[in-house]
Amino acid sequence: MNIKDVIKDNFVKFSHACEGVLYYNVDVDGKTYEFPVDMNNKQDVGNGVFLKEDKAIYFLRWIRRSIDNGKFIQVK
């Protein structure tokens, strides 16, 4: 999957949280994908604000990491 297709002019939407991990959804080519943002990793998230809906480009680091680690999964 091309990372540009995921982030260009796109938005992420908060789905749910579990054990300190936020899960966001992003729609790409008519399919919905989910990826995690680990809030337990304070060095990674710092004092960031994580909104219900936001620009996908702001989540580039977590999207890229999820794709590389096989955690960017299709949910719909």
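The values are calculated or read from the model by the stated rules, or taken from the named source; none is laboratory data. As the structure is a prediction and not an experimental result, all values here were calculated from the model. Cβ coordinates were reconstructed from backbone atoms using ideal geometry, including for glycine residues, and neighbour counts include every protein chain displayed. Heavy atoms of the whole protein, side chains included, go into the accessibility calculation; ligands, DNA and RNA do not. Shrake-Rupley method; radii C 1.70, N 1.55, O 1.52, S 1.80 Å.
Of all the options Val21, Val37, Val49, the one that moves most in a Gaussian network model of the chain with Cα springs shorter than 10 angstrom is Val49. Solvent-accessible area per residue in the chain equals 68 Å², computed with a 1.4 angstrom probe and all protein chains kept.
Only helical runs count toward this figure. For the chain, summing -39,500 (n - 2.57) over DSSP H runs of n ≥ 4 and dividing by all residues gives -6000 deg cm²/dmol at 222 nm. With springs connecting C-alpha atoms under 10 Å apart, model the chain as a Gaussian network and identify which of Leu22, Leu60, Leu51 has the largest mean-square fluctuation. In this elastic network of the chain, the residue with the biggest mean-square fluctuation among Leu22, Leu60, Leu51 is Leu51. Counting only Cβ charges, +1 for Lys and Arg and -1 for Asp and Glu, the dipole size of the chain around its Cα centre is about 100 debye.
Rounded to the nearest 10 degrees, the angle from helix 60-69 to the longest Cα principal axis of the chain is 80 degrees. Can you give me the Cα centroid spacing of the stretch 2-41 and the stretch 43-76 in angstrom? Cα centroid of the stretch 2-41 versus Cα centroid of the stretch 43-76: 5 Å apart.
Got the relative contact order for the chain handy, in percent, Cα pairs under 8 Å and 6 or more residues apart? Display every interim value, and only then the final one.
Values: 115 pairs, mean separation 26.4, N = 76.
Averaging sequence separation for qualifying contacts and normalising by length gives 35 percent for the chain.
In this structure the amide hydrogen of Phe72, modeled in the peptide plane, comes within under 5 Å of the amide hydrogens of Ile67, none closer than 5 places in sequence on its chain.
What order do Tyr33, Tyr58 take when sorted by accessible area (1.4 Å probe), most exposed first?
Details: Tyr33 25, Tyr58 135 Å².
Per-residue accessible area, sorted high to low, gives Tyr58, Tyr33.
In whole percent, how big is the carbon plus sulfur part of the accessible area of the chain, probe 1.4 Å, protein atoms only? The C+S portion of the solvent-accessible surface of the chain is 47 percent. Computing volume of the Cα convex hull per residue in Å³ directly from the structure and comparing it against (1) 75; (2) 105; (3) 87 singles out (3).
Each Lys or Arg adds one and each Asp or Glu subtracts one; over the other residues with Cβ under 9 Å from the Cβ of Gln74, this totals +1.
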